[in-house]
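Before any comments, here is the structure.
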Amino acid sequence: MSKRTLDTFFNPSPKKAKISLTDSKDAPSSHSTYPFTVPQLPPEISDLLNFAPEAEGKAIIDQPDLDLLYFQPYIPGSISTPLFEFLRGELFFYRVKYKIKRGPIETDINTPRFTTVFGVDETSSFLPDGSLIDATTRKPIPKDRYKTCKPRPIPHCLDLLRKLTEAATDQRYNFCLVNYYATGDDSISYHSDDERFLGVDPAIASFSLGAKRDFLLKHKPTPPSDTKSAAAIASETKPLKLPLGSGDMVLMRGSTQGKWLHSIPKRKGGESGNGRINITFRRAMVAGGTENYYRYNVGDGDVMKWDAKTKSMVVWGEKKEGDEVEKKEVKAEDVDKGYAAL
Ligand SMILES: O=C(O)CCC(=O)C(=O)O
């Protein structure tokens, strides 16, 4: 027996961590925080993603403070529906509820869409085994860095799109937020993604898959103390409607988040009943951003998963061997006030 073999026998290699973010070519992505594993994209989708963007981005900069790059589409037409079906079928989603307090009044908020989120802010990074280290010292993060959440690495199927988007937009992203609008009753109200934890003039890449939905933008009301009067700005700007189709991508950058609001309003009829997925890539700079994103996109409710038989999101994990499958259909009866109230 060679010395090397004996050494290996007496000093076995360190135990493999239980948590693992797989990096082999086709193993599903897994992590201790995932309720179930997420497969990698089938090659017929991933191979064609490398041809994205399908169209050149069109700059929309003809209004004060507005800086958009609109790809119509970004994801090749032949894979936007398979990609939509794949993500709807394989990801886990949440229907987040939370309370907000304004003065003495507490209000219950029911987020009017399904959400999920992956990633961690710039102060930390994931090792291949799924554990978190401090981005500067490369040592395990202090236990109290994330008090209210357990960050999850971006699964391969979304990380591939993140990397391609970084190269195409010349920006860096460490977060991936996913919204699923099951019907025209699901929506996101007017808001801007200009939280301090995103830094100055954040760039956000926003993808659409599935049903066509209108994306509305309007200039924020301008405080009267600003050099230009609110009336002057209002007369110079007009609201914008982009009818986002499957595969489209809008890059919002510069002062867009600081000065404009955007929304996906509720919609009657059209394709909206077929479901729409929105994916945004963003870059959070500090731990507060991580806490915020998990609080409002994962929360503490049930895990929901697409059920191909009933064609609806159902509570995942309620089925036991031999049990009747208990399925709770979630309807979008909620009031559209979540984001606006934040
Ligand atoms: O669904 C969309 O296109 C917009 C999503 C959005 O505004 C957000 O997640 O902040």
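The values are calculated or read from the model by the stated rules, or taken from the named source; none is laboratory data. A quick note: this is a predicted structure, and the numbers were derived from the prediction, not measured. Cβ sites come from the backbone with ideal geometry, for glycine too, and all protein chains shown count toward neighbours.
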Suppose we keep only residues that are near the ligand (Cβ under 10 Å from one of its atoms) and of a type in the set (A, V, I, L, M) within region 172-193. Which one would you say is surrounded by the fewest Cβ atoms within 10 Å (Cβ to Cβ)? Leu177
Can you name the condition, by its number, that Ser32 falls short on among (1) at pLDDT 95 or above; (2) under 30 Å from Pro202 (Cα atoms); (3) not hydrophobic (A, V, I, L, M, F, W, C)? (2)
Is it fair to say Gly247 is under 21 Å from the mean Cα position of the chain (by Cα) and within 15 Å of the ligand (Cβ to nearest atom)? yes
Single condition Pro112 does not satisfy, out of (1) within 30 Å of Glu166 (Cβ to Cβ); (2) assigned to a loop (DSSP other than H, G, I, E, B): (1)
Looking only at region 286-342, and only at residues there that are at pLDDT below 95 and among the basic types (Lys, Arg), the one that is farthest from Val38 (Cα to Cα): Lys337
Does Thr137 satisfy being surrounded by fewer than 19 Cβ atoms within 10 Å (Cβ to Cβ) and not small (Gly, Ala, Ser)? yes
Say we look at region 130-146 and pick out the residues that are hydroxyl-bearing (Ser, Thr, Tyr) and without any contact (Cβ under 8 Å) to a residue 40 or more places away in the chain; which of these is farthest from Met285 (Cα to Cα)? Thr137
